[in-house]
1. Give me the accessible area of H269, 1.4 Å probe, in Å² rounded to the nearest 10.
2. Relative to the Cα centre, what is the charge dipole magnitude of the chain, using +1 at the beta carbon of each Lys and Arg, -1 at the beta carbon of each Asp and Glu, and rounding to the nearest 20 debye?
3. Would you work out if the range 111-259 is rounded, prolate or oblate? Take a ≥ b ≥ c from the square roots of the eigenvalues of the alpha-carbon gyration tensor; rounded if a/c is under 1.5, else prolate when a/b is larger than b/c, oblate otherwise.
4. With label points built 7 Å along Cα→Cβ from the Cα atoms of D195 and R82, find their separation and express it in nm.
5. On a 0 to 90° scale, report how tilted helix 230-239 is relative to the longest principal axis of the chain, with both axes built from alpha carbons and the result rounded to the nearest 10.
6. I want the antiparallel fraction of DSSP beta bridges within the chain, as a percent rounded to 5.
7. Could you tally the net charge around V180, taking each other residue with its Cβ under 13 Å from the Cβ of V180, Lys/Arg +1 and Asp/Glu -1?
8. Suppose R0 equals 30 Å; then what is the FRET efficiency for A69 and R164 from their Cβ-Cβ distance, rounded to the nearest 0.05?
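The values are calculated or read from the model by the stated rules, or taken from the named source; none is laboratory data. Everything numeric in this text was worked out from a predicted model, so none of it was measured. Heads up, the Cβs are rebuilt from the backbone with ideal geometry, glycines too, and the neighbour counts pull from every protein chain shown. Heads up: the accessible areas ignore ligands, DNA and RNA and are worked out on the full protein's heavy atoms, side chains in. Shrake-Rupley method; radii C 1.70, N 1.55, O 1.52, S 1.80 Å.
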Amino acid sequence: MIEVRDLTKRYGDKLAVDGLSFQVRPGRITGFLGPNGAGKSTTMRLILGLDAPTGGQASVNGRPYRLLAAPLREAGSLLEARAVHGGRTAYHHLLYLAQSNGIDRRRIAEVLDLVGLAAVAGRRAKGFSLGMSQRLGIAAALLGDPGVLILDEPVNGLDTDGIRWIRGLLKSLAAQGRTVFLSSHLMSEMELTADHLIVIGQGRLIADIGMRQFIERNSYPFTLVRSPQPDRLTAVLQESGAQVRLDPDGALRISGIDTAMIGDIANAHHVPLHELTARLDSLEDVYTRMTGVSVEYRGGTGITSAGLPAPGNQE
Ligand code: ADP
């Protein structure tokens, strides 16, 4: 488990991380979200002991990272895929990490195989594409078979197959009971991958909440309807107080009345329906609204770690 308590980091007069407290629990994937400059990378660096906090503390499995005897066996990380000695082969990069952490060298072939780099194990890292470098970084993170994984933008540079592969890999690692903490600016990917979210803005905690709950609590629900008689349907629904918006593809987005009521009204007026689907906003829709708040966040705006501002109450 990762624990961050009252963590603060100041660079000159810039407060990059401002009294942050949260836990990242095992057995699920926790996504770390926040706009650029929110303090995500700084927080990850502080957890990994790569920077000293101005105040508060961060621990991995109950201890500060720098006090772990064989850190790669407890926490694997990928912060910067290109931070590899370019003159080393993939194999030698992993060999040096294994030897410095007392890891059996037989594990190197296993992780190279796992990330799909076995065929290029003897090639120097400087010739690797960004996607290959990401895979090597993931191999390094998994080398010590750690219970905790901390990954900063791990899908950067991966193609669609690579993204699907890493999503499956992270889900299986979490299902094995490991702690998986990752940041990504790709909201659609995060929505498919993470079970839980930590959202920060300007170094402060905005939300620590389950993915489903985050979307449900902050969505403007609507119903998507298709009908061969959209004008007639719009008229009868508006008479019942619904708001109706026409999508460019001909579907109607209806809010203000619930999905069952829409079906009943259409039926009562003998209007055929070809689709009737209850919908929520996407993570991206919700996140964009939330981070719009955090950009303006100056404290005392009613946003707390315990609760999020309700939709329509964001100004
Ligand atoms: P994120 O990863 O969410 O984009 P960062 O953690 O990189 O955010 O940065 C948070 C803030 O701290 C930014 O304003 C950034 O400019 C500042 N910052 C980060 N690292 C340093 C540093 N080494 N020196 C000075 N300012 C820094």
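1. Rounded to the nearest 10, the figure is 70 Å².
2. Dipole size: approximately 1420 debye.
3. Cα axes put the range 111-259 in the prolate bin.
4. 3.5 nm
5. For 230-239 against the chain, the angle is about 80 degrees.
6. For the chain, the DSSP antiparallel bridge percentage is about 65.
7. My count for the surroundings of V180 gives +3.
8. Numbers: r = 36 Å, r/R0 = 1.20.
The calculated FRET efficiency here is 0.25.
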